[in-house]
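What follows is one structure encoded as structure tokens, with my remarks underneath.
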């Protein structure tokens, strides 16, 4: 495997459309739940251990070669909010387009054919990692990092938060990210033997409720 | 039937990969270690459609703290109330309720009071499992009162429902973190719903002392202390799914990826949650 491929995939400039999503931060800022670096950190920590863990588990399982359509259904079951399912599939479709151009592979083409309106982003991410010669742990790292870097970057724009402070938040979360990746990879390994029910399913009620509130806004800066 | 305190033989569980995998991915098997002494009790309810159109209850068995009473029904529907016969679950207890609405039967289960999770003598966790099955053309309404997580308790709640393609399930789950002004206990709650063998919903919430950090923060519960969910599975939703909408400041209605709708509400107290769920239930069953 090429270690540099991980940097290409994890780069925020990878053209997969992630910059248009705030991971729930836009709604949380407007509702007054994120007001500064400390509340951003608490938000990111909660998102990491819920949505981040679930995404990392799905991505690691896909990178292991589990059936992407089974994983796509597992992602639906773990995403009660219709707004988040729509956002997840939109992001998945954009990532798949970029991935097929970057690391062409029959598995990616097959998924695009089976889910023309988009598969859930973490499933595509895991399959992309596989196509790039990366492993389940790499896929989980990408998912976990995205789960907190999106809200941190968005909060810099939404609150005019000092970018140095936002980056310091991400650095402070690094040990928690390592821990989340380890849990996701262990769960994905269990899922190989026991099926998708063994994958993480941690939920975050305010992220799910907030996503529905955000979807109904007439004007918004971010897509989710 | 009287409660029997039984010693549970240690059961081997795989060692967790990390503190997080232990807390975020709890195994539903009882933990290894010194044999916990707690109550093991199972209540069983089976509803069957009688030739006359009425629903009968060929199985109605309580045990220990789980007492069951048939109450007055209506329109071919059998009604059962879970009656709190003693204080439970305490740490170390393992309680199970199995309720089945067989083909064409109509069953409604309620409870007479809130369930309070309390600490045990040795700090062991307690387990409360609810297993629901809904047959062809059957309807099961599972509407218990709140679960209150008292200080020092550690409870794992697992709710599983298996619904056939054209079954109806109405399921309410409400959790209050701590009695009035009290620090909550540890509560892990998993809900898994299958329709015709496919997973419709699989989610787990972990909160209280020792839960993964951030549970009380702006992404998860935001310092609020009451949470409720109302799940409605109805075949009609295949053709006409509900439209997502807000039902209050921290409450939403969303269609699931199947013939079902889910209301999620977070609020300062259990009463505010109940108000949202009651209003939603009325409109979803119309």
#### Entry: Some residue of the range B:155-169 being more than 30 Å from residue B:77 (Cβ to Cβ) and surrounded by 23 or more Cβ atoms within 10 Å (Cβ to Cβ)
yes
### Message
Looking at the structure I just gave you, is residue A:7 more than 10 Å from chain B (Cβ to nearest Cβ) and free of Cβ contacts under 8 Å to residues at least 12 places away in the same chain?
### Response
yes
### Test result for residue B:251, in contact with a helix residue (DSSP H, G or I) (Cβ under 6 Å, 6 or more places away or on another chain) and within 13 Å of chain A (Cβ to nearest Cβ)
yes
### Query
When you look at residue A:104, is it touching a strand residue (DSSP E or B) at 6+ places or on another chain (Cβ under 7 Å) and either surrounded by 19 or more Cβ atoms within 10 Å (Cβ to Cβ) or not in a helix (DSSP H, G or I) (or both), yes or no?
no
### Query
in a helix (DSSP H, G or I), farther than 26 Å from residue B:210 by Cβ, touching a strand residue (DSSP E or B) at 6+ places or on another chain (Cβ under 9 Å) and free of Cβ contacts under 8 Å to residues at least 60 places away in the same chain, is that true of residue A:72?
no
### Complete set of residues in the range A:174-194 that are more than 10 Å from chain B (Cβ to nearest Cβ) and touching a residue at least 12 places away in the same chain (Cβ under 8 Å)
A:177, A:188, A:191, A:192
### Task
Those residues that are under 18 Å from residue B:269 (Cα atoms) and assigned to a strand (DSSP E or B), I need them from the range B:144-176; list them, please.
B:147, B:148, B:149, B:172, B:173, B:174, B:175, B:176
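Yes/no per residue for (1) more than 10 Å from every other protein chain (Cβ to nearest Cβ); (2) under 25 Å from residue A:24 (Cα atoms):
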residue: A:43; (1), (2): no, yes
residue: A:56; (1), (2): yes, yes
residue: A:64; (1), (2): yes, no
residue: A:67; (1), (2): yes, no
residue: A:71; (1), (2): yes, yes
residue: A:76; (1), (2): no, yes
residue: A:81; (1), (2): no, yes
residue: A:96; (1), (2): yes, yes
residue: A:103; (1), (2): yes, no
### Query
Which of (1) farther than 20 Å from residue A:3 by Cα; (2) surrounded by fewer than 18 Cβ atoms within 10 Å (Cβ to Cβ); (3) touching a residue at least 40 places away in the same chain (Cβ under 8 Å) does residue A:98 not meet, given it meets every other one?
(1)
### Summary
All conditions in (1) surrounded by fewer than 24 Cβ atoms within 10 Å (Cβ to Cβ); (2) in contact with a helix residue (DSSP H, G or I) (Cβ under 9 Å, 6 or more places away or on another chain) are true of residue A:123 except (1)
### Message
Checking the condition surrounded by 23 or more Cβ atoms within 10 Å (Cβ to Cβ), free of Cβ contacts under 8 Å to residues at least 60 places away in the same chain and over 22 Å from the mean Cα position of the chain (by Cα), which residue from B:213, B:219, B:240 passes?
### Response
B:219
### Query
Among (1) surrounded by 24 or more Cβ atoms within 10 Å (Cβ to Cβ); (2) touching a helix residue (DSSP H, G or I) at 6+ places or on another chain (Cβ under 6 Å); (3) more than 21 Å from residue A:135 (Cα to Cα), where does residue A:37 come up short?
(1)
### Task
Would you please name the residue that is nearest to the chain's Cα centre (by Cα), looking only at residues in the range A:116-131 that are under 10 Å from residue A:92 (Cβ atoms) and outside any helix (DSSP H, G or I)?
A:120
### Message
Can you confirm whether residue B:179 is in contact (Cβ under 8 Å) with a residue 24 or more places away in the chain, away from chain A (no Cβ under 12 Å) and outside any strand (DSSP E or B)?
### Response
yes
#### Entry: Check on residue A:198, over 16 Å from the mean Cα position of the chain (by Cα), surrounded by 22 or more Cβ atoms within 10 Å (Cβ to Cβ) and within 11 Å of chain B (Cβ to nearest Cβ)
no
### Task
Determine whether residue A:89 is without any contact (Cβ under 8 Å) to a residue 40 or more places away in the chain and either within 12 Å of chain B (Cβ to nearest Cβ) or not in a loop (DSSP other than H, G, I, E, B) (or both).
yes
### Query
Has the range B:85-100 got any residue that is under 19 Å from the mean Cα position of the chain (by Cα) and at positive phi?
yes
### Message
Restricting to the range B:254-265, name every residue that is surrounded by 23 or more Cβ atoms within 10 Å (Cβ to Cβ), at the interface with chain A (Cβ under 9 Å from one of its Cβ atoms) and in contact (Cβ under 8 Å) with a residue 40 or more places away in the chain.
### Response
B:256, B:262
### Task
Identify the residue in the range B:192-203 that is free of Cβ contacts under 8 Å to residues at least 40 places away in the same chain and buried (at least 21 other Cβ atoms within 10 Å of the Cβ) and, among all such residues, is farthest from residue B:271 (Cα to Cα).
B:199
#### Entry: Every residue from the range A:19-34 that is assigned to a loop (DSSP other than H, G, I, E, B) and either in contact (Cβ under 8 Å) with a residue 60 or more places away in the chain or touching a strand residue (DSSP E or B) at 6+ places or on another chain (Cβ under 7 Å) (or both)
A:21, A:22, A:23, A:24, A:31, A:33, A:34
#### Entry: Among (1) buried (at least 21 other Cβ atoms within 10 Å of the Cβ); (2) not in a strand (DSSP E or B), the one test that residue B:109 misses
(2)
### Message
Tally up the residues in the range A:105-122 that are farther than 30 Å from residue B:247 by Cα and within 14 Å of another protein chain (Cβ to nearest Cβ), please.
### Response
1
### Summary
Only one of B:104, B:77, B:61 is on the phi > 0 side of the Ramachandran plot and at pLDDT 95 or above, namely B:104
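The values are calculated or read from the model by the stated rules, or taken from the named source; none is laboratory data. Treat the numbers as computed from the prediction; the structure is a model and nothing was measured. Here the Cβ is made from the backbone with ideal geometry for all residues, glycine too, and neighbour counts use every protein chain on show.
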